[in-house]
Every structure is written in C-alpha cells, then in structure tokens.
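Reviewing the structure listed below.
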Amino acid sequence: MNGLVLEKIKQAGVVGAGGAGFPTHVKIACEAEYVIVNCAECEPLIRSDQYLMERHGGRIAAGLKAVMDCTGAKYGVLAVKQKNKAAVSALESAAAGKENISVRLLENYYPAGDEQQIIYEVTGRTIPVGKLPITAGCVVINAQTAYHVAEAMESMPVTRRNVTVTGAVRSPLTISAPVGTAVAYLLELAGGASCEEYTVVIGGPLMGRAAEDVSAEFVTKTTNGVIVLPADHELIRRKTSSLDRELKIAKAACCQCNYCTLVCPRSNLGLGVQPHKVMQALTFGSAGVLADGNAALGCCNCGLCTYVGCNMGLSPSRFISRMRTELLAKKVTGSREPEPVNLFREDTKVPSKRVIQRMGLAEYDREVPYVDSYDAPGAVRIMLKQHIGAPCVPAVTKGDTVKEGQCIGQVPEGALGAPVHASMSGRVVTVSKDYIDIIGA
C-alpha cells in the first residue's frame, strides 16, 4: 500500500460518491487483484456520471491508476454501458497505451452498476453475503470517486460534484455543483417545477428517497440526482405510503407468485436473496424461512422487486429493508456460500427501458444538457456528516473568513470518516453540530 496516496485521499475528503459515502482511504487500504471503476450509472434519468466520463475520461483513468498503484492491483477496468457511446470513446482514449487498464462494455440493464453485478461481469466471481469485494480480490469505486481521487493526487479536496436535475422541471440540466448547494436553488436553475404539486426525490428514482422538506436538502458528496415528480405519481406513492398500510394490503394481496424473486439480480447470482420469502415471513408469520439471513441480508436495495417484479402493486423492497434492519439488530449473518449462478441469468436481466416504462417515467426520459455556466449560489450549507462513520468536528467558528478548499470539519481522533471543505470562499455565519453555513464573499 502507498501511504502517501492514502493520506492525500484522506485529506481531500474523498468518499464513495455513488453510494453511502464510505471513506475511500479506508476502502483502498488493502491488496487487490482488480480495481474496477463503476461507470455504469444504472439509475434511470440520471446523467451526472455520463457527462463526467465524456468530459473527464482522462482524470477518471488517472484516479483508477492511483488506486491500482495503492493496492498493487494487476488489472484496472473501466466498466461502462456500451450505449453511452461518447463516454465509451472518451474512456477508451484515456485507457489507450496504459498498461493493464481496459474498458469493459456492459449491457443496458438495471442494476448493471450493483457492486455484485459488476464484479461478476468483469471477473466471473461472486461474493458471499456479508463479505466485502476484497474477498474476491476486487476494489470497486464509482466514476465520480475516481475523478476525486485524481484531484486528490493534486492536493485538490472534494468541493464539487456533478448533479442531474430532471423530471417534472421546465429545463432539466446537469451541472458541477458546489457541495452544500441548496436543492431549492438547483430547482430554480432548472426553471422550477412544471406542475403545481410535486415531490422531490434525492438520488435516482428507484434507490433515491423522497424529500420531506426541500428547503432542508443540500448537495452532499453523494448527491448524484434531484428528480421532481408530481405528488400523485405512483412512484411517490410507493415511496411514501404507510408501511403498516402496505403490510395490511400485502396480507390480502400477496399470492406468493415468486416473480419478485425471479427478477431479483442478487438471487440470480446465487446469493439466496428471496423477496417472496420475506413477504411470506411478514404476511403469514412464517419467520422460519429466513433462518439463515441470506433472503434479506443479501439485498442491494435496487427496488427491482417492487417496481418491476410485483404485479399486485406491493413493495417487497421496503419490507426487505425493514427485515434487514431487524436481522442486523439481532446480529444475524448470512450463513451460506453462494450457490451456482442461474444458468438463465442473461434472460432475467431487466432492460433499463422496461424499468422506465413500468415506473411511469417514460415522459421524463429525455436529453438533459450539461450546463457549464450558471449563477453560483450565494451561500452553501456544508453537512458535517456526508459519509459512513462519525460526523466531523467543526474546525472553524462563526465569523471566520474561509477560502474555497479550506478544511472546515475534521474527523474525530480514531474515528471512521472524511473531512469536509469549504466549497466557496466567504464568511462562516452558522456553526452547529450538523452543518456549517457559508455566505459567499
């Protein structure tokens, strides 16, 4: 391991930009055979990584090389959907002539970017439930993360990230937004909502969450998308309806057809995920079917079982999430090695277009231009916890003048985390246990 590389990444505050925000310096502190950059961007409607690849393929490849050098990996792979032709071209050009770095083309299915899927596509290996990718000799990082790693090598901290604003807005766009930008301001840049009553989803339509209060939402290092949908859209109903009410309906409507499991990508990799058994356990009180934990613990929360798999309009993914939380609280772990991959796995892949149609999003599946120039926000709110681990401790006080890139929040001694930095120059006007507000100079 290269200690200098790890320290630069740590000081830059790099975290997993495509998921829960695991600190990258901790993730890559290992020896690996493969480093895979997840360029799939499999969530519908989002274009943030697509434009990053098209415009900064060289930086993404440089970030991959830095992680390869750090982990001693023999192989570096840029895994990208072949439909994104401009991105593929940019990455192939960036990889040309670089030893042991290649581009792997993926089909346009959902969820092609799931860590287990992408490792299997590249290496043919699967990982037991509860184990980390390094078990299979792999480290997987997101395209935006690789870009941030390359910037960290030049001592540039994470202060911006690409965000797509789309859905029921008048002028959808993708921009490089300062971390801490108010989501409400992003909606203004997109021309505002095109419907009177709407709900905002933070993240992708399947795995993202419905915001309860848009005024309390700000861009973090893991914010890849902001999607506006009519408040009465079926997707919003499924995300926000009472789970108790859903359970009552499931008890009457779940017929154990098994289709939710048949389309489950983790199930088809032999990982034992079985949404229909989770439904059975919750609706019929037969918890014994979940004795080994794999049926719920191996879930990647892709939502496919809910949005495509259930013809009764139920939400298996929400029940799985609740069951998974309960199992983890009881310290239940997966107890089996992966079974053989389904021989018909290729036939079970769900095309992204089908997902979009089933979710009622076809009218929003449109071009989302990248906007280079826009009026920067006059203020930002930097959250002190944008990662897995402990919140940062403020390193500034109210009234301080800060410069863009200055560290304003440090990780507590001995804790897991990543520092945060000012995304604009200005004056600190609020310091709380949760965030720091900065007004531009």
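Worth a mention:
- Relative contact order computed over the chain (Cα-Cα under 8 Å; 6+ residues apart), in percent: 17 percent
- GNM result for the chain, Cα springs below 10 Å: residue of LYS248, LYS65, LYS74 fluctuating most strongly: LYS248
- Separation in nanometres of the label points that stand 7 Å from Cα toward Cβ, at GLU413 and LYS433: 2.1 nm
- Probe 1.4 Å, all protein chains present, accessible-area order of ASP365, ASP244, largest first: ASP244, ASP365
- Put ARG366, ARG381 in order of accessible area, highest first, and with a 1.4 Å probe you get ARG366, ARG381.
- Residues ASP69 and GLU339, FRET efficiency given R0 of 51 Å [Cβ-Cβ distance, rounded to 0.05]: 0.90
- Estimated from the Cβ-Cβ distance and a Förster radius of 25 angstrom, the FRET efficiency linking ALA253 and ASN301 is about 0.65.
- Translational diffusion coefficient (Stokes-Einstein; Kirkwood radius from C-alpha pairs) of the range 90-188 at 25 °C, 0.890 mPa s, in µm²/s: 146 µm²/s
- Accessible-area value, ASP213, 1.4 Å probe, nucleic acids and ligands omitted, Å²: 80 Å²
- Among the listed options (1) 44; (2) 54; (3) 48, the one matching percent of Cα pairs over 29 Å apart as calculated from these coordinates is (3).
- Annotation: LYS10 carries an accessible surface of approximately 80 Å², with a 1.4 Å probe and no ligand, DNA or RNA atoms counted.
- Accessible-area ranking of ILE46, ILE388, largest first, probe 1.4 Å: ILE388, ILE46
- Straight-line cross-link partners of LYS239 among the aspartates and glutamates, defined as a Cα under 19 Å from its Cα and at least 8 positions apart when in the same chain: GLU43, GLU197, GLU212, ASP213, GLU217.
- The range 227-385: C-alpha gyration tensor shape, a/c 1.5 cut-off, then a/b vs b/c: prolate
- Percent antiparallel among DSSP beta bridges (both partners in the chain, rounded to 5): 60 percent
- The range 1-117: C-alpha gyration tensor shape, a/c 1.5 cut-off, then a/b vs b/c: prolate
- Per residue accessible area of the chain, 1.4 Å probe, in Å²: 42 Å²
- Calculated FRET value between GLU31 and SER89, using beta carbons and R₀ = 56 Å, to 0.05: 0.95
The values are calculated or read from the model by the stated rules, or taken from the named source; none is laboratory data. Computed from a predicted model, the values in this text were never measured in an experiment. FYI the Cβ positions are ideal-geometry reconstructions off the backbone, even for glycines, and counts take in every protein chain you see. These accessible areas exclude ligands, DNA and RNA; they are computed on the full protein's heavy atoms, side chains included. Shrake-Rupley method; radii C 1.70, N 1.55, O 1.52, S 1.80 Å.
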